[in-house]
Amino acid sequence: MGELLSSLKLPQDLKTLGPEQLIEAAAEIREYMIRTVADNGGHLAASLGVVELAVALHSNYSSPRDRLIWDVGHQSYPHKLLTGRWDQFPTLRQQGGLCGFPKPSESEHDPFLTGHSSTSISAALGLARARDCKGDDYKVAAVIGDGALTGGMAFEALNHAGHIKANLLVILNDNKMSISSNVGSMSSYLGRIRSDPKYSRLKKDFEQFVGRIPLVGEQMVNSAERIKGGLKYLIMPGMLFEELGFTYFGPVDGHNISLIMNILQQADKMSGPVLVHVVTEKGKGYHYAEKSPEIFHGIGPFDLNNGLPLKEKKSPTYTDIFGRTLLQLGRENPDIVAITAAMTAGTGLNKFSKEFPGRFYDVGIAEQHGVTFAAALAAGGMRPVVAIYSTFLQRAYDQILHDTCLQDLPVVFAVDRAGIIGEDGETHQGLFDLTYLRTMPNMSVMAPANEDELQHMFATALNHVGGPVAIRYPRDKVLGVELTKPRILPWGRGEVIRQGEDLLIIAAGTIVNSALEAAEKLFWQGIKTAVINARFIKPLDEDLILGWARKCGRVITVEENVLGGGFGSGIMELLEKRGMFLPIKRLGIDDCFVGHGTRAQMLSVCHLDADGIYNVALAFAGGQAAKGLT
Ligand SMILES: Cc1ncc(C[n+]2csc(CCOP(=O)(O)OP(=O)(O)O)c2C)c(N)n1
């Protein structure tokens, strides 16, 4: 721990520090965070941007009694360091270590779990109302970024909070960035407030004014109305928030601890909802992160001296192949439109966005809007491709069902990060999409076994007339197979990729390759295992599956999804529908959330690597054979 912080009991002793020492504390946090993330990787830029804000909040409030909610939570590293997790910090995002996001089961200082964007104001409002009902008086504050403020939920919560006049503090952390540059009219509105010449002039005046008075000043104006009147010039810029029922303070320099604390103390004197608008710089304090905040949003281990990644990216990812394929298909078909929800680079759409700016939409963190927007583009004759991570697509369940499937509209869903995703853990695992997609009428679902197949699937989906199609693929490097020209696959057909007669494994997605490895090992145990690459989760290749199931007499299904309602359930439904009753074992995630660790570690924990599949298959096939059930 840094020299100053190691002498303190945190977070409460922050209250004993003077302004200079608080600055020193911030410097110690920043330095430790940069060093640790350089070793382990993580979300650095956003966390660097809120160091002073976190110090000010913890100096002014008393966590865990007062409740601080960090929207998304990727910027919560300074908060973690100030709340008893300093020594464990190097375990961040590692199996068994600290979670990369706030997590109540990890610390009493994390009052509500976050990970998905734009939830913090709703959560803070709920806690504030619970507090009032219980007759308590603790403070509740939500810290939300300007990116997260593009999410509809944030507006729903602002609307509600203003209406019920709850005592609630919202800190708007405005750094002009989402993961990349923020988009939308709200972002432009915030930009206008920031660039108002009054802001820089008054910021200076205000700093001088604050500099002349003690932080918790007896001289501080103590009547709420007088404070509001005296600072009217600072209130005017946020008229939009005022109209929504909030008292607005700002914009405030979010790297000036004294200034933030001063504003917080004034905000605390108001009743009803208050919004404090702080302006910060993403990546603050580390030159390379300031220069390239998008790269340092989420980064692997890097060299401190030059900011360059330590692990050279050798092979492309499935995301890269998707981006490349869509670019190619987009050149051939002018009706193709790509839509992303604030993840242009993450979903591999950078090149498409540059080559076809008129056919590309970043809708902000607005998955629901993005899907209905795409459905309507399809209704108007376009061929929209919506690229959203599996976990975030959960947001748009009803928009897929009600606006897309019910009208049988040809929207293609590029479901990235499907399956086990690794270090981001529970909140980001893509383990539900097979269930929520395959149960929707009219929806077709595919999963490629390798990168070549991924290309063909997008060509097939965009050639398919009528109906929505989802293609799910993992957060992983590709296998390195040869890439052929994208072609149309036979609709609804799977493929036998290994022959056998003792056991049939049917797998969907890249996990087919682990199933193949397991089959090879089983062979050496005398179990001849056939393997089917399903390709289509829906519609299933019924004849192929039933024929081989009959031949082998025992079936194992393998999927990177929860077992409930997933791919294996689909196979069981098929067997039941066709009156075929034989021993079947489903491998997948059994009704639990999967934590963080590397993708390989978590696949192993879930018995979904080649060894896991082999062990289960050996027990199942060996056991069944011993009971004479063949
Ligand atoms: C529903 C949802 N969609 C997408 C994401 C991915 N995501 C994580 S952080 C982020 C940008 C957040 O921007 P902002 O709130 O301004 O915070 P900053 O990183 O700039 O501090 C996005 C899009 C998410 N976490 N949740």
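VAL276 passes every criterion in (1) more than 24 Å from the chain's Cα centre (by Cα); (2) assigned by TED's automatic domain parsing to the domain that holds GLY100; (3) assigned to a loop (DSSP other than H, G, I, E, B) apart from (3). Counting only residues that are within 20 Å of the chain's Cα centre (by Cα) and within 24 Å of LEU17 (Cβ to Cβ), the stretch 79-101 holds 2 of them.
Taking every residue in the stretch 365-385 that is more than 16 Å from the ligand (Cβ to nearest atom) and pairing it with any residue that is of a type in the set (Gly, Ala, Ser) and not in a loop (DSSP other than H, G, I, E, B), at least 6 positions away or on another chain, the pairs with Cβ-Cβ distances below 6 Å are PRO384/ALA374; PRO384/ALA378; VAL385/ALA338; VAL385/ALA414. Screening ARG131 against (1) in contact with a Lys or Arg (Cβ under 9 Å, 6 or more places away or on another chain); (2) part of a loop (DSSP other than H, G, I, E, B) leaves a single unmet condition, (2). Restricting to the stretch 307-323, name every residue that is in a loop (DSSP other than H, G, I, E, B) and small (Gly, Ala, Ser). Within the stretch 307-323, GLY307, SER315 meet the criteria. Would you confirm, using the coordinates I've provided, whether GLY217 is part of a loop (DSSP other than H, G, I, E, B), surrounded by 13 or more Cβ atoms within 10 Å (Cβ to Cβ), in the same structural domain as GLY49 (by TED's automatic domain parsing) and at pLDDT 95 or above? In short, no. Filtering the stretch 516-564 to residues that are surrounded by fewer than 16 Cβ atoms within 10 Å (Cβ to Cβ), assigned to a helix (DSSP H, G or I) and over 38 Å from the mean Cα position of the chain (by Cα) leaves PHE523, ASP543, GLY547, ARG550, LYS551. If I go through the stretch 73-90 residue by residue, how many of them are of a type outside the set (Ser, Thr, Tyr) and within 16 Å of the ligand (Cβ to nearest atom)? Residues that pass the stated criteria total 6.
State the number of residues belonging to the stretch 328-355 that are more than 26 Å from the chain's Cα centre (by Cα) and over 10 Å from VAL385 (Cβ atoms). Total meeting the criteria: 7. Screening the candidates VAL616, VAL605, VAL594 for the property of being surrounded by fewer than 16 Cβ atoms within 10 Å (Cβ to Cβ) and at pLDDT 95 or above yields one hit, VAL605. Summed over the stretch 163-193, the residues that are more than 19 Å from THR119 (Cα to Cα) and crowded, with 20+ Cβ neighbours inside 10 Å give a count of 2. Taken over the stretch 330-359, the criterion of being assigned to a loop (DSSP other than H, G, I, E, B), in contact with a strand residue (DSSP E or B) (Cβ under 7 Å, 6 or more places away or on another chain) and away from the ligand (no atom under 16 Å from the Cβ) is satisfied by ASN333, ASP335.
Could you identify the single residue in PRO301, PRO293, PRO251, PRO309 that is surrounded by fewer than 21 Cβ atoms within 10 Å (Cβ to Cβ), closer than 27 Å to SER180 by Cβ and touching a residue at least 60 places away in the same chain (Cβ under 8 Å)? On inspection, the qualifying residue turns out to be PRO301. Of all residues being under 19 Å from GLN12 (Cβ atoms) and of a type in the set (A, V, I, L, M) in the stretch 80-102, which is surrounded by the most Cβ atoms within 10 Å (Cβ to Cβ)? Just the residue, please. Across the stretch 80-102, the extreme among qualifying residues is LEU81. Here GLY285 meets the list (1) surrounded by 13 or more Cβ atoms within 10 Å (Cβ to Cβ); (2) within 23 Å of the chain's Cα centre (by Cα) almost entirely, failing just condition (2). Within the stretch 448-466, is even one residue in contact with a Lys or Arg (Cβ under 8 Å, 6 or more places away or on another chain) and part of a loop (DSSP other than H, G, I, E, B)? Looking through the stretch 448-466, at least one residue is in contact with a Lys or Arg (Cβ under 8 Å, 6 or more places away or on another chain) and part of a loop (DSSP other than H, G, I, E, B). Picking from residues in the stretch 397-430 that are in a helix (DSSP H, G or I) and crowded, with 24+ Cβ neighbours inside 10 Å, the one that is farthest from the ligand (Cβ to nearest atom) is THR404. Determine whether ASP362 is away from the ligand (no atom under 12 Å from the Cβ) and either out of contact with any strand residue (DSSP E or B) (no Cβ under 6 Å at 6 or more places or on another chain) or not hydroxyl-bearing (Ser, Thr, Tyr) (or both). So ASP362 does not fit the description; no.
The set of residues in the stretch 313-368 that are of a type in the set (Asp, Glu) and either buried (at least 19 other Cβ atoms within 10 Å of the Cβ) or modelled with pLDDT under 95 (or both) comprises ASP362, GLU367. Going residue by residue through the stretch 117-125, is there one that turns out to be assigned by TED's automatic domain parsing to the domain that holds ILE260, within 15 Å of the ligand (Cβ to nearest atom) and at pLDDT below 95? Checked against the condition, which is being assigned by TED's automatic domain parsing to the domain that holds ILE260, within 15 Å of the ligand (Cβ to nearest atom) and at pLDDT below 95, the stretch 117-125 yields no hits at all. In the set LEU304, LEU326, LEU264, only one residue is more than 16 Å from the ligand (Cβ to nearest atom), over 30 Å from PHE373 (Cβ atoms) and outside any loop (DSSP other than H, G, I, E, B); that residue is LEU264.
The values are calculated or read from the model by the stated rules, or taken from the named source; none is laboratory data. Given the structure is predicted, the values throughout are model-derived calculations rather than measurements. All Cβ positions, even for glycine, are placed from backbone atoms using ideal geometry, and neighbour counts span all protein chains on display.
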